[in-house]
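The values are calculated or read from the model by the stated rules, or taken from the named source; none is laboratory data. Everything quoted here is computed from the prediction, not taken from an experiment. Here Cβ is always computed from backbone atoms with ideal geometry, including for glycine, and neighbour counts include all displayed protein chains. Each accessible area value is taken on the protein alone, full model and side chains, heavy atoms only, with ligands, DNA and RNA left out. Shrake-Rupley method; radii C 1.70, N 1.55, O 1.52, S 1.80 Å.
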Amino acid sequence: MKPIFFFSSLIVLSLSACGGKQNTTSEDENGTLAADTAAVEIIPELPPLEAGEVFLKGKEVFPEEAELTGTHIVEPDTFIFKPASPSMLVKDSLLIMSSKDAPFYAFRYPALTHMKTIGKRGNGPDEFLLPVAVESLDPAYLCYMLDGYNGNLYGLGPDLETHFIKKTFDRKSIRDYVEHAYPAGEKAIVYQMGSNIYRVSLENDSVQREKLYNLRLKQVKSIPTTGALCTHPERDRMVYAYKYTKIIKFMDMEAKTVRTLNFEQSGFDEKTLAIQNGLDANVTHYMQVMATRDHVYITHSGRTPYVVAAEVQKGNNYMFLEKYDWNGNPVKRYKLHDFCVYNVIDPKTGTLIMTTYYHDDPFVIYHLDD
């Protein structure tokens, strides 16, 4: 019988100048600051992803568990905001957040003090109805800014000004919208629309969209195809975690090789599909997938939204964070003493930043013990 999981060691070679690692800046003849990079990391490729489905019902798969308490950040200035369905990313000394009422905020990082509110909400030219902050691998932009209703994509320059790039989809029905999007290289993004994952080229003016993968589960067709996606093009990996059943899919960026972890937990009630807001009566399993260079972090609730709300009213805030390597091997499980659907991980430090809804200053940070 093949072993369920395999682990690989990560070897990092640093090449540095005499006297230790140096990373300085210097001025050129025109007085322009230029980075003098004297350290190079050589990162080995991941082992091949093993395709297939692994059934894990009732199994204790995490070799390590931890319980952590976060630090609530009380902002030193007077900026008070309530993020509405935010998406966030960390880029250098900035945290960029999309929020339905903003539509975008820029915060200094790691201070988490407000710097600028960007864009206007509305359906006019260069306005946003469904703002989505998207990581960019194009060095010309700090990030992308997508309107998930009309498909318009903008780049945010270093001057915090927006620049229209192109339209990423043509809206043909009320079901055509995008809540989150992710990089697929320097000139492409991916997103979920309906039950499919699509890749969109950012070159040329026309919409160039390619269907990569159908996420509908054959064994539980009645369950809505709702969940969380994340990518890491440099690692050639995508991960999708389902909301209403405890299933995770690890894929390459072409979705040709797929490894499924099936914890065989659902309990979805099909009758709730015919009831207004009925889905909230079902257990929420996975909420968000976040990536660092070496690991995937997935937030897990395991309760219905009604139960979560009742527990928050009593001050009993908690959720779980599951850590995997990029080939689907469980590494660690955390219990965090806060609850948040929308989080971000600083890929350089492994710091988790939450936006809680039960604090006037919503930021809470967790230093994961990695």
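Brief remarks follow.
- Restricting region 197-222 to residues that are among the aliphatic types (A, V, I, L, M) and more than 21 Å from Met251 (Cα to Cα) leaves a set whose member that is least open to solvent (accessible area, probe 1.4 Å) is Leu202.
- Filtered residues of region 285-328 (kept if hydrophobic (A, V, I, L, M, F, W, C), touching a residue at least 40 places away in the same chain (Cβ under 8 Å) and over 20 Å from Glu67 (Cα atoms)): Ala291, Trp326
Conditions tested, residue by residue: (1) crowded, with 21+ Cβ neighbours inside 10 Å; (2) in a strand (DSSP E or B); (3) not β-branched (Val, Ile, Thr).
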| site | (1), (2), (3) |
| --- | --- |
| Ala241 | yes, yes, yes |
| Phe250 | yes, yes, yes |
| Arg259 | no, yes, yes |
| Glu264 | no, no, yes |
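- Residue match in region 158-165 (condition: without any contact (Cβ under 8 Å) to a residue 24 or more places away in the chain, of a type in the set (Asp, Glu), out of contact with any helix residue (DSSP H, G or I) (no Cβ under 9 Å at 6 or more places or on another chain) and open to solvent by 40 Å² or more (accessible area, probe 1.4 Å)): yes
- Selected residue [under 18 Å from Val364 (Cα atoms), out of contact with any Pro (no Cβ under 6 Å at 6 or more places or on another chain) and in a loop (DSSP other than H, G, I, E, B)] from Pro110, Pro125: Pro110
- Filter result for Ser14 (modelled with pLDDT under 90 and either in contact with a helix residue (DSSP H, G or I) (Cβ under 6 Å, 6 or more places away or on another chain) or surrounded by 12 or more Cβ atoms within 10 Å (Cβ to Cβ) (or both)): no
- All positions within region 114-154 that are open to solvent by 20 Å² or more (accessible area, probe 1.4 Å) and polar (S, T, N, Q): Thr117, Asn123, Asn150, Asn152
- Selection within region 288-320 - β-branched (Val, Ile, Thr) and either open to solvent by less than 20 Å² (accessible area, probe 1.4 Å) or under 19 Å from the mean Cα position of the chain (by Cα) (or both): Val289, Thr292, Val296, Ile298, Thr299, Val308
- Against the test of being open to solvent by less than 70 Å² (accessible area, probe 1.4 Å), farther than 23 Å from Gly328 by Cα and of a type outside the set (Lys, Arg), the options Gly227, Gly194 yield a single qualifying residue, Gly194.
- The residues of region 321-364 that are in contact with a Lys or Arg (Cβ under 6 Å, 6 or more places away or on another chain) and either surrounded by fewer than 17 Cβ atoms within 10 Å (Cβ to Cβ) or not in a loop (DSSP other than H, G, I, E, B) (or both), listed by number, are Glu322, Lys323, Val331, Lys332.
- Looking only at region 63-108, residues that are hydroxyl-bearing (Ser, Thr, Tyr) and surrounded by 19 or more Cβ atoms within 10 Å (Cβ to Cβ) come to 4 in all.
Quick grid of which residues meet (1) touching a Pro at 6+ places or on another chain (Cβ under 6 Å); (2) not polar (S, T, N, Q):
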{"position": "Ala255", "(1), (2)": "no, yes"}
{"position": "Val258", "(1), (2)": "no, yes"}
{"position": "Leu261", "(1), (2)": "no, yes"}
{"position": "Asp280", "(1), (2)": "yes, yes"}
{"position": "Thr284", "(1), (2)": "no, no"}
